[in-house]
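Bear in mind that the values in this text are calculations on the coordinates, not laboratory data. This is a predicted model, so every value here is computed, not measured. Glycine also receives a Cβ, built like all others from the backbone with ideal geometry; neighbour counts cover every protein chain displayed.
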Amino acid sequence: MDRAYLEIIFLCGFVLQVVLRSYYVQYYVTEKHPRYFNKKERLFLLFIFVGFQLLPILYVFSDWFAFFDYNLPKWLGFPATMLYGFGIWLFFRAHADLGKYWSPGLEIKLDHQLITTGVFHWVRHPMYAAFVAIAIAQVFMLQNWIVGPAFLILAIPFYLHRVQREERQLIRYFGDAYRVYMEETNALFPKKEQIDFLLIFGKLKFSAKNKG
Ligand code: SAH
């Protein structure tokens, strides 16, 4: 796939992601808990903005970074686009399932309920998993040594820090319910048993279809 097409697809996904987020921001009715959104986190959010938004936009609309371009085999564009599409879908599903409990910082809302259904049935942090998929896809879609890996590199420290803090807070609030949820699911990638179940279920469906 031509690098120009990949850049256009990346841009479309980017716009879609911004539109989706703007829709869910309306649920972000907050009583402002500044201690859940500390200075370090603000810095990490700035890194994400630079790696996933600012640099890609500057890259697509200017030739400032052209000197650092690389060229990958064209066929790689297809799996990268699939991964990107999956990332955007997962991002959307995670927002839909978390609904009004989503927030950019770490907050426990009034009557906060523990969500363990939808994509939260498969992993504890589907939104972050979506970002990982998007960040990996970015390496293959924006073929530039500075812009391609920027999101992946800048976001890693954020997630390492964030997941720990977020889970500590959720355990404090939900107690054993969250501990059980942690035993049943992985943070970013489904458990082996869950994948096996999916494969067996898929096979059963396939054989039932063939018989019928
Ligand atoms: N880490 C999640 C959600 C990110 S939004 C994901 O990657 O999809 C951050 C907010 O979601 C935090 O304020 C946290 O309290 C809330 N949250 C995280 N997991 C939750 C869950 N399973 N149920 C309800 N709220 C959750």
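Annotation for I195 and R168: the two label points, set 7 Å from Cα along the Cα-Cβ direction, are 3.1 nm apart.
If we sort 1-12, 64-75 on the protection proxy, mean other Cβ atoms within 10 Å, highest first, what's the order?
Numbers: 1-12: 15.5, 64-75: 11.4.
Order by mean packing, descending: 1-12, 64-75.
Here the stretch 82-212 is treated as an ellipsoid with the same Cα gyration tensor; its semi-axes, largest first and in whole Å, are 27, 25, 13. Under 5 Å between amide hydrogens, built in the peptide plane, is the criterion, and for N144 it picks out Y70 among residues at least 5 positions away or on other chains.
Charge dipole of the chain (Cα centre as origin; +1 on each Lys and Arg Cβ, -1 on each Asp and Glu Cβ, all else neutral): 380 debye, rounded to the nearest 20.
Which of Y101, Y173, Y59 comes first, and how do the rest follow, when ranked by fewest Cβ neighbours within 10 Å?
Working: Y101 15, Y173 12, Y59 23.
Neighbour counts put them in this order, fewest first: Y173, Y101, Y59.
The helix-only estimate of mean residue ellipticity at 222 nm for the chain, built from DSSP H runs of length n ≥ 4 each weighted as -39500 (n - 2.57), is -21000 deg cm²/dmol after division by the residue total. The Rg/Rh ratio for the stretch 40-136 is 1.06, where Rg is the radius of gyration of the alpha carbons and Rh is the Kirkwood radius. Rounded to the nearest Hz, the phi-derived 3J(HN,Hα) couplings of the stretch 121-129 under the Karplus curve 6.51 cos²θ - 1.76 cosθ + 1.60 (θ = phi - 60°) are 6, 8, 9, 7, 10, x, 5, 6, 4, where x marks glycine and proline. Across the stretch 13-164, C-alpha contacts under 8 Å between residues 6 or more apart give a mean separation that, scaled by the residue count, equals a relative contact order of 37 percent. With contacts taken as Cα pairs under 8 Å at a separation of at least 6 residues, the stretch 71-139 carries a relative contact order of 49 percent.
Here the Karplus relation 6.51 cos²θ - 1.76 cosθ + 1.60, evaluated at θ = phi - 60°, turns the backbone of the stretch 12-25 into coupling constants of 4, x, 4, 5, 4, 5, 5, 5, 4, 4, 4, 5, 7, 4 Hz, with x for every Gly and Pro. Rounded to the nearest 20, the size of the Cβ-charge dipole of the stretch 115-186 about its Cα centre is 200 debye, with Lys and Arg at +1 and Asp and Glu at -1.
Placing unit charges on the Cβ atoms of the charged side chains and taking the dipole of the chain about its Cα centre, the candidate lying farthest along the positive direction among H125, L20, L58 is H125.
The string of couplings for the stretch 161-178 from the Karplus curve (6.51, -1.76, 1.60, θ = phi - 60°) is 6, 5, 4, 4, 5, 4, 6, 4, 5, 5, 5, 4, 7, 9, x, 4, 4, 6 Hz, one whole number per residue in order, with x for Gly and Pro.
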